Structures are given as structure tokens and as C-alpha cells.
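Visitor: To start, I am sharing the structure in question, which I have written as C-alpha cells.
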Amino acid sequence: MSTDQVVLEARDVVKNYGGTRALKGVNFEIRSGTVTTLFGENGAGKSTLMKILSGVEQPTSGEILLGGEPVTFSSTTEAAEHGISIIHQELSLAPNLTVRDNIFMGREIMRPFGGVDFAEERRQTRALLQDMKLAIEPDTLVSDLRVGQQQIIEIARALSVNSRILIMDEPTSALAAAEVETLFGIIRELLARGVAIVYISHHLEEALEITDHAVVLRDGSMTARAERADIDLAWIVRNMVGENFDLGSPPEGYEFGEPVLSVEDLTVLDPENPERAVVNGIDLEVRAGEIVCIYGLMGAGRTELLEAIAGRERVESGQIRLDDQSILGDSIAERIEKGVGLVPEDRQRDGLVQTFSVGRNLTLASLDKSMSGLAISGKKEKSRANELIGAVTVKTPSSDLNIGGLSGGNQQKVVIGKIVATDPRLMLLDEPSRGIDVGAKAEVFRLLSERARRGVGVVYTTSEVGECLSIAHRIIVMSRGQVSAEFGPDATKDMIMAASGEA
Amino acid sequence: MTTTTTAILENRKKFSIAKLLLEGRAFLALVLIIVVFSLISPNYLTWSNVLIMTSHVAIYALLGLGMLLVILNGGIDLSVGSTLAFSAVVAGFMLKGVPLDLFGVTIYPSVPVTVLIACGVGALAGLVNGILVAKFKIAPFVATLGMLYAVRGFALLMTGGLTINNLSGREELGNTGFAWLGFNRIFGIPIGVLVMIVVALVLGAVLGRAKFGRWLYAAGGNERAAELSGVPVNRVKIWVYVVSGLCAAIAGLVLASTLTSADPNAGNTYELTAIATVVIGGAALTGGRGNVRGTLLGAFVIGFLSDGLVLVGVSAYWQMVFIGAVIVVAVMLNTLQYGRRRRPATGKAKSDKNVKTPAVTGTSTGTGSTES
């Protein structure tokens, strides 16, 4: 197949969920041998569009043309038969099985008299992996592979069913920089073979690196489309948000107070491999009112450092002091009481109680303030919840709404609000911008600046350089459990990336 | 954001009747049971029969309420049936006199002391369950399964497998009054039923208003998030098993006193009935959802249904089939109620998990950078 042919086209696709219109007549085409990237904030309709293209959902109206012919897919299997595969954000591999088993899952090669022909499967798997220049044995357990390699196995599986169109939903969200490069190498290889790729990512810069066409969705409509040559980051963001955005600058005009946090020579061991220190002799001091950004790749030890300070992770050696008093022996609850609050990296897993309403999530860490006598006062709780909703600007019709009804950005604000409610002296935020859209990011950073102004020490981590160069007074780069560099707010992206071992 | 919330609000309006039916399903089932059986048998809805049935319900409800706490925590307690028998046997044993060979005397503890010790034994069994689950990280199913066997064994050992009969005590020994629990009435209501009401009110207040209740719901909804919010998740976990053991002991005392005998084989498979009452009452086995009102209704559904079937002469074997069907339908309806709402949240949670869970990444979070 020659490149640049339109292989898949969506015409006037409309999708209604109940009374809401998730897609309002989207036109969209995918060309062979090219990468088309979908940009858009959360809730813009990207996922809905991808679900329709891959057969998970059916459009309310409009049509899908495959090679010029109208088609309808009633299931993903049907879409796969037409050569369309989707690689989900969440890996859909079985970690307890081998690479070979995963690739042939559900379509095992059978021997004439029954039984699976493992030898043949192994041979084909090896050929496939070699094709992708991947030195992985077919008999390796998937759980023994790194996340990046697992991602590539998923791609290999899609290719093994002769996919001509690959939809990749946030494929790099869990990858280290080097792995992203490998993935991009594979994508380029696929393009050369005429495969069409649809790419979705929150990592705008990364997406720009690989894409040929950009399509921007906003509020269920396509707002812009362009060739790579004609666009830049600012163009995408402008079209995504509809306005210029700014993640903010370090709050000024006040003096930092005394150090709230001082960490000395802190070492945390990897619970799965006690030989290895995930945090290796870190010193860190944060003053009241100061905002510190910790930049590092996945696995640099950022999460472990924050969790050790919050009391979640066991400390091997070193000292953690809050306001000059050691908190090493304190439980999580005692540390919250003293003013240490952690906003965890994984909102769904560690941040929210999914069975609770917005209000109950907000007040969970500071229940004592809702008590009257031995009972929780419904009235106090309600008024505190509403106060917090205002303080962290959660957009919700009521504090009684189930937390699942909020968008990612608003859920994140709830987790932050829960910590704010405890009147912290020190706020620790692990990747506070993860999985939320640009607009919400700016609001989260504005919230943090506001807290810092009120004398709270703020530490946040990020894996996007741009987010360090926003509100942080100080930038610390972590690499392999150690501090590899420290910068002021005037650092450049290159300096930071070089220090992290990325560039 | 706005799109999802409006969608939810619209759904709420549109399906309000369906939703009402769904949420009130245990109540509707109970009404249906009462209507059907009173049509078939005129004796069903007489005051005396209702009281008798409610006394049976009290046993299920006491076990169910303890179980509710455990299930809210995302656990399960299989040992309550055995604990019921054990505490009854302990009480019976003490009422018959505790021989102290060393001193050559036999002491006869008074009824209040007996009751307290029997309750303590139940709470102790629960405490062991709780410690096994919370501290030693043994799956609740397994820990309490072990306790199911062990405690039943103790009960049988204490009596050599025999039932202890005639627990009414003797005037001259000062240990009469045990039968009061089972036979007496206050304002015409059997004591067992009053005990159920008191336990329900206390637990209802604890779950609805106390900090412990909120902690329990939070830990059951998402233990990791609760822990990071300062909830003492282990303490909560131990306590729910203690309360469950205590409730089982109380049920055992009520039962033994009603029968004025303590049977070491009593309460066999009652743990399953208790789970059924909780599930019929709308609680989610995954934890975090359920309430006292629902569990009480569940106990009434099971009690009124099985007694009704007995009254109209349905064979005991068919009764099992009916109750089995009710349980399965209840769980199906639970899935209807929670399944749709939960999916988006858990779906996301799963995706995030896959990124970080060591089980998938194999070699911890550190691998990425060490390789790069």
C-alpha cells in the first residue's frame, strides 16, 4: 500500500450519551503511513472518538468509511478483523503468562490432533519480535518485562493480527525517556510499512515529535487540523484551551519563613529488592512559603521520597524533621495531625474513596473538625465541604455528588482539598498534574501558589520540565535516588533535562 | 466535566422510579413475602406468629449485623456460626458448674458473669480473626475459615459432642435467670428481639454518626486512600472482627436461652445465612457500601420467607431452593445498582494500577531510569 492514502474516515460522527452530546459531528481522516495525533483536554471527546473507531461503541449518527466503503463495527473483534487495533492506556496483557502466550491469546495455533502448537507459536513470536528489533525471548514472563517492553509486546500483538491501523492511547505515559525513543523507533518502522497510526497523548511535546498531522478536539467538536510543519506547541495549546494559558510563576513579594521540613541523609530501600536504595542519602530543606519542584524520571525515587516523608514508606536510615522535631516515629495519622499532607501520584488508587461523595472525600482527613461530641455533625460537615469546594475551586453541582461524577482535574482538586482541610504546614504533591488537562493544571498550580503565600511549604514532583519552570522557587533534579542538581527558577529546560540524565 | 455531571443528574431524574424500586428492593421483597403468605395462610400474619418469626429473625439479624461491619471493611467472617455455638456452650458449661479440681470445689458463676464471659469468648475469637487478617495479612476468607473449624472443635471438645441441657440453673446456687433471655418479654416483645433492636440502634449510630463508622466506610471503599488520609485501617479492621465475634456470641446466648440448651453443633452454616442477610440488604461484598437498615430487612426477608414456607408446608428441600434463588437475585440486583456506577472509577483505577503495580512491572518502579 502506498502512503498517504486515506484508509479510515469518520464523517459527521455524532455520539450522544443520554442527553449529552460527547461528539458533535466530527470529521476526521487517517492516512496510511502517517501518524495522526488527537489533541484535546479531558472530556473533549478523544476517547469517545477512539472507542467508535475501534468498535467499542457505535456512533449515534454519521458514518465510518474504511478504504472508502462505509462500515459498522459492532465489537472490537469485528474492528480487528478489518485491521483496526487499539492499544489501551492500561496494558491488557496477562502478566502471569509468557510473551508467546500473550501474543497468541485467544487464537492459539492448534495441532491437527488437538493441543496447542507451542513450537510454531514460539517461532512466529520470535520472528515478530525480531522484526521489531526486540531482543526478548518468547518464553519470558510478561511480568518480568519492563513497562516499556510490555507496551511494545502489545503493539507486537496488534501487528500479529495484521493491523493496518493502530490506535495508541497514551502509550508513553508509563515509559522512561529511552523507552519512548524505542517506541518511536518502532512507530517509524511501522509507518514505513504503511501502517496508519492514531496517537493520543497528554505529553504534547512528545506527540509533536512523532506526529504528521494534528487534529484538535474541543468540547466534542474538531476545532483545528494541520500538518506538522505548520504548527507548534503554542498552536496546539491555543486550540485545545481556546485561549493562551500560563502555568504561572513563582509567587513573590514575601519572605520565606523558618524551615518546615528538613530531611537529612535519608535512605529508603526498595521493598522488593533490599539491595537497592530507591532513595539514597537525600538531603532536603523546605522553608515555610517555599515551593520546591522535584524533577526526575519514573523510578528516580521521587515517589518514595515523598511517601517516606508522609510516613507511608519505611525509612532505612536518616532523619526527617518537621519544624525541627523528628517525625520519624510518627504514624501517617500523627504526621497529618502535625501538618504533613501527601497528595499521592495515583489519584484513583491512593487518593480517593470511590464509594464516597465529593464532600466526604474532602473531609476524610480532618474528621475531628466535623465532630460535635462523639458524633459527626452533618451540618458542620456540609458547611466545611462547601467551604473546601470553594477554597480549591472544585466544579461540582453539590457536595453530595459521587466522586466518580467529577472530571480528573476536579477529582485532583478534591484530593488537594482534603489535605488543605488538615491545615498543613507542608504539602507534598506527587505528580499533581498527572492525567489532568491544561486548564486544570494551571488551576492546581495557582492553588499551590496561594497556599505557599500563606506560609505552607510546598513540594511537588513532575516529569514534565515545563511544569518545573512555572511556580517553583527551587528545582531539584533527582536521578537514581539521589539529587543530581539544584536550580533556581531561571534554569532552562536543557539544563534540567541534562541533569536528569535524559538529554 | 459538566457533560458527565449533567448526564448523571439527568439519569437521576429519568430513572427515579426504577431507582426507588431498586433501592427499596429488600423492603418490597419483604412486603411481597408477607402479602403472599398471609393470602395462603390466615395464621401467618397473626401477632403471635409474627413474634415467633421475629425471634428467629433476631438470630439472623444479630449475626448479620456483625457480618455487615466485616463486609463493609471488604472482608468476610466465616466463623460466626461456630462462634455462636461456642459461646452458647461456654455459657452452658459455666451454668452447670465449673469444677476447680485443684481446690476440690465447683463454682457456679451467676448469670450476668456467665453472659459476660461468653460474650468475651466470642469477642476473643473475633480478635484472633482480626489480628490474623490485619497484622499477618492472611486473607479474611482463609483466616476465618480456620477459625470456623477451630472454634467448632473447641465447642465439641468442651461437651464431648453432647448437648448441654436444662440451663435454667438452680435457686440455691444463685444462677437462675438464663432462660429469661429466651422466654421473657417486655411489653410483649421477646427479649431476643429487643436485644436485636438495641444492637441495631447502637451499630446504626456508630456507622452513621461516629468517626469509627466513617473510617470503616472509607477503609472499605479504598483502603490505601483511607490510610493516607490518616485512617487507622488496621485498628478498624481488628475491631470489625471483634464486633462480629461479639454479635455471634450474643446470638448464641439468645439461641441457647430460647432452647434452654447449648448444642455444640448449633449454628452450622449460619455464617452463610448471615452473609445472605447482608447481601440481600444491599451491601457490596467489595466493601464500603451497605447499612444497618438493609441488613435488618435482609434478616426479615430470610426469616419471614423460611418460616412462611414451613407454615404453608413446603418441604425443607424446596425451602433451600427458594432461599438460594433469593440470594442470587439479590446479588444480581446489587450488581445492577453498583455495577454501572462503579465501573468508570474502577476502570481508571485499574489503568493506573497497571502502570505501577509491581506485579506487572515486575522489577519495581526503579527499572526505567537505571536502564536509560
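The values are calculated or read from the model by the stated rules, or taken from the named source; none is laboratory data. Computed from a predicted model, the values in this text were never measured in an experiment. Glycine also receives a Cβ, built like all others from the backbone with ideal geometry; neighbour counts cover every protein chain displayed.
Visitor: With respect to residue A:329, determine if the residue is within 14 Å of another protein chain (Cβ to nearest Cβ), in a loop (DSSP other than H, G, I, E, B) and not hydroxyl-bearing (Ser, Thr, Tyr). Write out each step before concluding.
Guide: Working: within 14 Å of another protein chain (Cβ to nearest Cβ): no; in a loop (DSSP other than H, G, I, E, B): yes; not hydroxyl-bearing (Ser, Thr, Tyr): yes.
For residue A:329, the condition - within 14 Å of another protein chain (Cβ to nearest Cβ), in a loop (DSSP other than H, G, I, E, B) and not hydroxyl-bearing (Ser, Thr, Tyr) - is not met.
Visitor: Is it the case that residue B:208 is within 24 Å of residue B:266 (Cβ to Cβ), more than 8 Å from every other protein chain (Cβ to nearest Cβ) and part of a helix (DSSP H, G or I)? Walk me through it before giving the result.
Guide: On the way: within 24 Å of residue B:266 (Cβ to Cβ): no; more than 8 Å from every other protein chain (Cβ to nearest Cβ): yes; part of a helix (DSSP H, G or I): yes.
No.
Visitor: Another question, then. Where residues in the stretch A:37-65 are in contact (Cβ under 8 Å) with a residue 60 or more places away in the chain and assigned to a strand (DSSP E or B), which of them is farthest from the other protein chains (Cβ to nearest Cβ)?
Guide: Per the criteria, the residue is A:37.
Visitor: Still on this structure, I have one more. Of all residues in the stretch B:298-315, count the ones that are of a type in the set (A, V, I, L, M, F, W, C) and either touching a Pro at 6+ places or on another chain (Cβ under 8 Å) or farther than 22 Å from residue B:41 by Cα (or both).
Guide: Narrowing the stretch B:298-315 to residues of a type in the set (A, V, I, L, M, F, W, C): B:299-302, B:304-305, B:309-312, B:314.
Filter once more, so that each one left must be either touching a Pro at 6+ places or on another chain (Cβ under 8 Å) or farther than 22 Å from residue B:41 by Cα (or both): none.
Total meeting the criteria: 0.
Visitor: Among the listed residues A:374, A:352, identify the single one that is among the hydrophobic types (A, V, I, L, M, F, W, C) and modelled with pLDDT under 90.
Guide: Values: A:352 fails: modelled with pLDDT under 90.
The unique qualifying residue is A:374.
Visitor: Among the residues in the stretch A:131-141, are any closer than 20 Å to residue A:50 by Cα and assigned to a helix (DSSP H, G or I)?
Guide: No, the stretch A:131-141 contains no residue that is closer than 20 Å to residue A:50 by Cα and assigned to a helix (DSSP H, G or I).
Visitor: Among (1) assigned to a loop (DSSP other than H, G, I, E, B); (2) within 14 Å of chain B (Cβ to nearest Cβ); (3) at pLDDT 80 or above, which single condition is residue A:86 missing?
Guide: (1)
Visitor: Only residues that are surrounded by 24 or more Cβ atoms within 10 Å (Cβ to Cβ) and among the hydroxyl-bearing types (Ser, Thr, Tyr): list them for the stretch B:36-94, please.
Guide: B:60, B:79, B:82, B:83, B:87
Visitor: I've got another one for you. Since residue A:291 meets every condition but one in (1) in the same structural domain as residue A:132 (by TED's automatic domain parsing); (2) in contact (Cβ under 8 Å) with a residue 24 or more places away in the chain, which condition does it not meet?
Guide: With (1) in the same structural domain as residue A:132 (by TED's automatic domain parsing); (2) in contact (Cβ under 8 Å) with a residue 24 or more places away in the chain applied to residue A:291, the lone miss is (1).
Visitor: Hey, another quick one. Taking the condition under 20 Å from residue B:272 (Cα atoms), aliphatic (A, V, I, L, M) and surrounded by 20 or more Cβ atoms within 10 Å (Cβ to Cβ), does residue B:125 pass? Spell out the reasoning first.
Guide: Working: under 20 Å from residue B:272 (Cα atoms): yes; aliphatic (A, V, I, L, M): yes; surrounded by 20 or more Cβ atoms within 10 Å (Cβ to Cβ): yes.
Considered against the rule, which asks whether it is under 20 Å from residue B:272 (Cα atoms), aliphatic (A, V, I, L, M) and surrounded by 20 or more Cβ atoms within 10 Å (Cβ to Cβ), residue B:125 comes out as yes.
Visitor: In the stretch A:488-503, which residue that is part of a loop (DSSP other than H, G, I, E, B), surrounded by fewer than 15 Cβ atoms within 10 Å (Cβ to Cβ) and more than 14 Å from chain B (Cβ to nearest Cβ) is modelled with the lowest pLDDT? Before the answer, list the steps.
Guide: Taking the stretch A:488-503 and keeping what is part of a loop (DSSP other than H, G, I, E, B), we get A:488-492, A:501-503.
After this cut, where a residue has to be surrounded by fewer than 15 Cβ atoms within 10 Å (Cβ to Cβ) as well, the list is A:488, A:490, A:492, A:503.
Checking which are more than 14 Å from chain B (Cβ to nearest Cβ) leaves us with A:488, A:490, A:492.
Numbers: A:488: 89, A:490: 85, A:492: 79.
That would be A:492.
Visitor: Then there is this: When residues of the stretch A:107-161 are filtered for being closer than 26 Å to residue A:181 by Cβ and not β-branched (Val, Ile, Thr), how many remain?
Guide: The total comes to 27.
Visitor: Taking residue B:115 as the residue in question, decide whether it is at pLDDT 90 or above and β-branched (Val, Ile, Thr). Walk me through it before giving the result.
Guide: Numbers: at pLDDT 90 or above: yes; β-branched (Val, Ile, Thr): yes.
When the stated conditions are applied, residue B:115 passes them.
Visitor: Additional query: For the structure I just gave you, tell me whether residue A:370 is within 26 Å of residue A:311 (Cβ to Cβ), more than 8 Å from chain B (Cβ to nearest Cβ) and out of contact with any Leu (no Cβ under 9 Å at 6 or more places or on another chain). Step through it out loud before you land on a result.
Guide: Details: within 26 Å of residue A:311 (Cβ to Cβ): yes; more than 8 Å from chain B (Cβ to nearest Cβ): yes; out of contact with any Leu (no Cβ under 9 Å at 6 or more places or on another chain): yes.
Taking the combined requirement at face value, the residue satisfies it.
Visitor: Moving on to the next point. I'd like the residue in the stretch A:69-84 that is free of Cβ contacts under 8 Å to residues at least 60 places away in the same chain and closer than 15 Å to residue A:9 by Cβ and, out of all such residues, is surrounded by the most Cβ atoms within 10 Å (Cβ to Cβ). I'd like the intermediate steps shown before the answer.
Guide: Here is the first cut: in the stretch A:69-84, the residues free of Cβ contacts under 8 Å to residues at least 60 places away in the same chain are A:69-79, A:81-82.
If we keep only those that are closer than 15 Å to residue A:9 by Cβ too, we end up with A:69-73, A:79, A:82.
Numbers: A:69: 8, A:70: 10, A:71: 15, A:72: 11, A:73: 21, A:79: 25, A:82: 18.
For the stretch A:69-84, the residue satisfying everything is A:79.
Visitor: Can you name the number of the only condition in (1) farther than 20 Å from residue B:154 by Cα; (2) surrounded by fewer than 24 Cβ atoms within 10 Å (Cβ to Cβ); (3) charged (D, E, K, R) that residue B:237 fails?
Guide: Every listed condition holds for residue B:237 apart from (2).
Visitor: Another one. So which of A:403, A:376 ends up being more than 28 Å from the chain's Cα centre (by Cα) and closer than 25 Å to residue B:74 by Cα? Can you show your working first?
Guide: Numbers: A:403 fails: more than 28 Å from the chain's Cα centre (by Cα).
Just a single option satisfies the conditions, and that option is A:376.
Visitor: For the stretch A:268-290, which positions are in a strand (DSSP E or B) and within 14 Å of chain B (Cβ to nearest Cβ)? Break it down into steps so the answer makes sense when it comes.
Guide: Restricting attention to the stretch A:268-290, the residues satisfying the condition of being in a strand (DSSP E or B) are A:268-270, A:273-287.
Hits for the stretch A:268-290 are A:268, A:269, A:270, A:273, A:274, A:275, A:276, A:277, A:278, A:279, A:280.
Visitor: Consider residue A:440 against the criteria (1) modelled with pLDDT of 90 or more; (2) in a helix (DSSP H, G or I); (3) within 11 Å of chain B (Cβ to nearest Cβ): it satisfies all of them except one. Which criterion is unmet?
Guide: Condition not satisfied by residue A:440: (1).
Visitor: Which numbered condition trips up residue B:265, out of (1) modelled with pLDDT of 95 or more; (2) part of a loop (DSSP other than H, G, I, E, B)?
Guide: Result: residue B:265 passes all but (1).
Visitor: Would it be correct to say that residue B:249 is in contact with a Cys (Cβ under 6 Å, 6 or more places away or on another chain) and either facing chain A (nearest Cβ under 10 Å) or surrounded by 24 or more Cβ atoms within 10 Å (Cβ to Cβ) (or both)?
Guide: Details: in contact with a Cys (Cβ under 6 Å, 6 or more places away or on another chain): yes; either facing chain A (nearest Cβ under 10 Å) or surrounded by 24 or more Cβ atoms within 10 Å (Cβ to Cβ) (or both): yes.
Considered against the rule, which asks whether it is in contact with a Cys (Cβ under 6 Å, 6 or more places away or on another chain) and either facing chain A (nearest Cβ under 10 Å) or surrounded by 24 or more Cβ atoms within 10 Å (Cβ to Cβ) (or both), residue B:249 comes out as yes.
Visitor: Related question: Name the residues in the stretch B:211-238 that are among the aromatic types (Phe, Trp, Tyr) and within 9 Å of chain A (Cβ to nearest Cβ), would you?
Guide: Pass one, the stretch B:211-238, residues among the aromatic types (Phe, Trp, Tyr): B:212, B:215, B:217.
Correct list: B:215, B:217.
Visitor: Let me ask something else. Of (1) under 21 Å from residue A:181 (Cβ atoms); (2) of a type outside the set (Val, Ile, Thr); (3) touching a residue at least 12 places away in the same chain (Cβ under 8 Å), residue A:92 satisfies all except one. Which?
Guide: (1)
Visitor: Hey, another quick one. Criterion first (within 14 Å of chain B (Cβ to nearest Cβ) and either outside any strand (DSSP E or B) or closer than 30 Å to residue A:23 by Cβ (or both)) does residue A:303 satisfy it?
Guide: Values: within 14 Å of chain B (Cβ to nearest Cβ): yes; either outside any strand (DSSP E or B) or closer than 30 Å to residue A:23 by Cβ (or both): yes.
Taking the combined requirement at face value, the residue satisfies it.
Visitor: Now for a different question. Could you figure out which of (1) among the basic types (Lys, Arg); (2) more than 27 Å from the chain's Cα centre (by Cα); (3) within 14 Å of another protein chain (Cβ to nearest Cβ) isn't true of residue A:321?
Guide: (3)
Visitor: I need every pair where a residue in the stretch A:15-29 that is assigned to a loop (DSSP other than H, G, I, E, B) has its Cβ under 7 Å from the Cβ of a residue that is of a type in the set (A, V, I, L, M) and modelled with pLDDT of 85 or more, sequence separation at least 6 or different chains.
Guide: Close Cβ pairs (under 7 Å, with a partner that is of a type in the set (A, V, I, L, M) and modelled with pLDDT of 85 or more) do not exist here.
Visitor: Determine if the stretch B:144-153 includes at least one residue that is more than 14 Å from chain A (Cβ to nearest Cβ), surrounded by 19 or more Cβ atoms within 10 Å (Cβ to Cβ), part of a helix (DSSP H, G or I) and of a type in the set (Ser, Thr, Tyr).
Guide: For the stretch B:144-153, residues more than 14 Å from chain A (Cβ to nearest Cβ), surrounded by 19 or more Cβ atoms within 10 Å (Cβ to Cβ), part of a helix (DSSP H, G or I) and of a type in the set (Ser, Thr, Tyr): present.
Visitor: State which residue is nearest to the chain's Cα centre (by Cα) when the search covers only the stretch A:472-487 and only residues that are part of a loop (DSSP other than H, G, I, E, B) and modelled with pLDDT of 90 or more.
Guide: Once the filter is applied, the top-ranked residue is A:472.
Visitor: Moving on. Filter the stretch A:104-145 down to the residues that are surrounded by 15 or more Cβ atoms within 10 Å (Cβ to Cβ) and aromatic (Phe, Trp, Tyr), then identify the one that is nearest to the other protein chains (Cβ to nearest Cβ).
Guide: Result: A:104.
Visitor: Only one of A:309, A:336 is out of contact with any strand residue (DSSP E or B) (no Cβ under 8 Å at 6 or more places or on another chain), outside any strand (DSSP E or B) and either within 9 Å of chain B (Cβ to nearest Cβ) or more than 30 Å from residue A:405 (Cβ to Cβ) (or both); which?
Guide: On the way: A:309 fails: out of contact with any strand residue (DSSP E or B) (no Cβ under 8 Å at 6 or more places or on another chain).
On inspection, the qualifying residue turns out to be A:336.
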